[in-house]
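The values are calculated or read from the model by the stated rules, or taken from the named source; none is laboratory data. Quick caveat, the model's predicted, so the values are computed rather than measured. Cβ placement follows ideal geometry from the backbone for every residue including glycine, while neighbour counts extend to all protein chains displayed.
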Amino acid sequence: MNKQTVLVRGAREVLLPLLILAGFMPWRRVVKHPWVTAQDHGIAHIDQDPHFRLLLENSHVRVFALTLPANSQSLVRYENNFLTIAPENNEVIMWREGESAIQHYRVPKGEIHFFLGQAALGFRNDAKSGEYRNVTVEFLDQHVTTYGYRYYSGKWDYGPSILSPPVDADGHFVNSLDLGRAVASDVQLLPKEFLPASTRQQLLVAVTGLNLQLGKRKIRLESGELLWLEGRDSELVNAGNDPARFTLVELKAADEKY
C-alpha cells in the first residue's frame with residue numbers, strides 16, 4: 001500500500017461519519033423579512049412617499065396625513081423637526097435608519113410625539129387588517145425644538161418629547177409640551193367649557209369629532225381634520241354635547257420669551 005492510498009483512506013474514514021451525521025441534523029431555514037433591512041430599499045422625502053398626503057402648507061408648517069394599510073411601511077428622511085398626532089389608539093413599528101424594524105410601540109389616542117429632523121425614520125404597520133394613521137406636523141422654524149435651558153438643572157439640554165396620557169381621559173385637561181418657539185397641547189373641553197382668546201398663530205387638529213364655537217363662527221371637524229387660525233379674537237367654546245378633544249399647536253410671537 002503506497003502513501004497516497006493511505007491518505008485517501010484516512011480522509012474517507014474522517015469525512016464519511018461527518019456526512020452521515022449531517023444528514024440527520026435538522027435544517028434551519030433562514031427567512032429574510034423584507035422589513036428588517038428596510039433601509040436597503042431607499043429613503044424617500046416626505047413629499048415623495050405615497051403614504052403621505054399634504055393637508056396644509058404655509059410659511060410656518062407643513063402638515064401631512066400618514067396612512068399605512070396593513071402590512072405596509074414608510075421610510076422617510078425628515079429635513080425639519082416634526083411631531084406626530086395620533087387620532088386613535090394604534091400600534092406601529094418605528095425605527096431609525098440603520099436599525100432593525102422590529103420594535104413595536106403602542107400609540108394611545110391623542111398622543112403627541114416630537115422628533116428631531118435631519119434623520120430618516122420608518123413606520124411599519126404589520127397588522128393583518130386595519131390602517132395606521134397619524135397627522136404629521138413639520139416645523140419650518142428650526143427654533144421649534146425640545147432643546148433649551150433647563151431651569152431645574154441649570155443646563156442646556158433636551159426636554160421631554162412625548163406628552164404623557166391624561167390622568168382622567170374623560171375629564172377636562174390641557175397638557176402641554178414646550179417646544180421653544182412653539183407649544184403643543186393635548187386639550188379636552190367638556191360641553192360649554194372654553195379656551196380664552198389668544199393672539200398666537202395656531203394649528204388645531206381634531207382627535208375626536210368637534211363642534212366648536214369661535215365668536216360667531218361655528219367649527220365642525222372630524223377626527224384627523226385640521227384648521228389653521230391666525231389667532232383667536234374670542235373664546236373657543238365646546239358647543240357640542242360630548243367632550244371635544246384636539247391638539248393645539250401654538251407658535252410663540254417673536255417678542256415672547258422661550
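Conditions (1) assigned by TED's automatic domain parsing to the domain that holds residue 58; (2) touching a residue at least 24 places away in the same chain (Cβ under 8 Å); (3) at negative phi, marked per residue:
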{"site": "180", "(1), (2), (3)": "no, yes, no"}
{"site": "201", "(1), (2), (3)": "no, yes, yes"}
{"site": "223", "(1), (2), (3)": "no, yes, yes"}
{"site": "243", "(1), (2), (3)": "no, yes, yes"}
{"site": "256", "(1), (2), (3)": "no, no, yes"}
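Given the options 192, 218, name the one that is assigned to a loop (DSSP other than H, G, I, E, B), modelled with pLDDT of 95 or more and of a type outside the set (S, T, N, Q).
On the way: 218 fails: assigned to a loop (DSSP other than H, G, I, E, B).
Result: 192 is the single residue among 192, 218 that is assigned to a loop (DSSP other than H, G, I, E, B), modelled with pLDDT of 95 or more and of a type outside the set (S, T, N, Q).
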> Is there any pair with a first residue in region 58-73 that is closer than 23 Å to residue 252 by Cβ and at pLDDT 95 or above and a second that is in a loop (DSSP other than H, G, I, E, B) and acidic (Asp, Glu) whose Cβ atoms are under 7 Å apart and which are 6 or more apart or on different chains, and what are they?
Replying inline: 60/141
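Given the criterion more than 22 Å from residue 86 (Cα to Cα), aliphatic (A, V, I, L, M) and either assigned to a strand (DSSP E or B) or out of contact with any helix residue (DSSP H, G or I) (no Cβ under 9 Å at 6 or more places or on another chain) (or both), identify the matching residue among 237, 205. Quick ask: steps written out before the conclusion?
Details: 205 fails: more than 22 Å from residue 86 (Cα to Cα).
Of 237, 205, the one residue that is more than 22 Å from residue 86 (Cα to Cα), aliphatic (A, V, I, L, M) and either assigned to a strand (DSSP E or B) or out of contact with any helix residue (DSSP H, G or I) (no Cβ under 9 Å at 6 or more places or on another chain) (or both) is 237.
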> Just for region 87-101: of the residues that are surrounded by 21 or more Cβ atoms within 10 Å (Cβ to Cβ) and assigned to a loop (DSSP other than H, G, I, E, B), which one is farthest from the chain's Cα centre (by Cα)?
Replying inline: 101
>> Among (1) surrounded by fewer than 17 Cβ atoms within 10 Å (Cβ to Cβ); (2) over 21 Å from residue 133 (Cβ atoms), there is one condition residue 213 misses while meeting the rest; what is its number?
In response: (1)
